[in-house]
Amino acid sequence: MKIYRVVVGPIQENCYIIKNEKTNEGIIVDPGDEGIKIMRTVREAGISKVTAIFITHGHGDHISALDEVKKATGAKVYMSRADAPMLRVWNSSLSYSVERDKNFDPPDAYFEDGETVTEAGMTFRIVATPGHTRGGVCIIGDGVVFCGDTVFLESIGRTDLPGGSYDDIINSIKNKLLPLPDDYTLLPGHGPETTIGWERRRNPFLQ
């Protein structure tokens with residue numbers, strides 16, 4: 001597994017591209033904006049086929065390029081059932097894209113808490129982590145967690161937006177993420193990567 005980070009949009013969202021180096025297939029996580037830039041990175045990475053697009057949560061800064069990327073790849077879109085309505089009510093998705101005229105299809109599949117999903121020859125475990133949104137999820141791979149806006153380096157996701165809950169996000173992090181090994185890398189939706197161990201020791205919200 002090789003992971004590429006593409007920083008996109010006005011508020012610098014982290015879109016991740018995951019490559020299976022054995023098959024050259026790939027997955028896109030949270031195409032937040034600048035679809036042309038994302039697809040250029042896919043090509044430069046030598047990915048021959050994108051089989052899936054994973055959405056950690058429905059805020060606009062994580063989905064603004066979803067329509068472009070899906071059209072370019074034909075990939076299967078996964079997200080939680082709870083956040084899926086945000087694709088239909090565009091203003092509620094808190095778009096930070098300069099292009100407001102968006103038309104998203106419903107997801108092709110829904111993430112379920114605790115399930116495993118295999119795409120592009122790689123297997124991931126899905127854990128529901130409500131708190132930033134009602135339907136936020138984290139996607140756990142081999143030693144890595146795509147954590148959306150649930151947890152950041154020494155911080156946590158906002159809980160003052162619609163569907164947010166401080167108690168829920170703390171419970172999500174403590175019950176779903178902190179049980180993971182300390183050396184697991186956390187890849188958040190904004191800012192630098194961190195680790196489970198670092199956040200366990202240094203995150204002031206978790207002490």
Lys, Arg +1 and Asp, Glu -1 on Cβ, resulting dipole of region 45-91 about Cα centre, debye, nearest 20: 240
From phi via Karplus (6.51, -1.76, 1.60), per-residue ³J(HN,Hα) for region 140-157 in Hz, x at Gly/Pro: 9, x, 7, x, 9, 10, 8, 10, x, 9, 6, 9, 10, 4, 6, 7, 9, x
Total charge dipole magnitude, region 2-206, about the Cα centre, Cβ charges on Lys, Arg, Asp, Glu only, Debye to nearest 20: 260
Distance (nanometres) between label positions extended 7 Å along Cα→Cβ at D142 and D167: 4.1
Per-pair calculated FRET efficiency, R0 = 35 Å: R200 and N24 via Cβ, rounded to 0.05: 0.45
Whole-Å distance, taken between Cα centres, linking region 1-79 and region 166-204: 23
J(HN,Hα) series, region 198-207, from Karplus relation 6.51 cos²θ - 1.76 cosθ + 1.60, nearest Hz, glycine and proline x: 4, 5, 4, 8, 10, 7, x, 6, 10, 7
Helical contribution to [θ] at 222 nm, DSSP H n ≥ 4, -39,500 (n - 2.57), averaged over the chain, rounded to 500: -4500 deg cm²/dmol
Unit charges at the beta carbon, dipole of the chain: most positive-side option, G157, Q207, P192: P192
Two-decimal log10 I(q)/I(0) for the chain, as the Debye equation yields it once each C-alpha is a single scatterer, q = 0.12, 0.16, 0.17 Å⁻¹: -0.53, -0.99, -1.13
Amide H partners (placed H, <5 Å) of V144, local residues excluded: T185
Amide proton proximity set for S80, modelled H, under 5 Å, gap of 5+: F111
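Arrange I18, I53 by Cβ neighbour counts within 10 Å, fewest through most, would you?
Values: I18 27, I53 24.
Final ranking by Cβ density, sparse to dense: I53, I18.
FYI, it's all coordinate maths here, none of it is from the lab. All values derive from a computational prediction rather than experimental measurement. All Cβ positions, glycine included, derive from the backbone under ideal geometry; neighbour counts span all protein chains shown.
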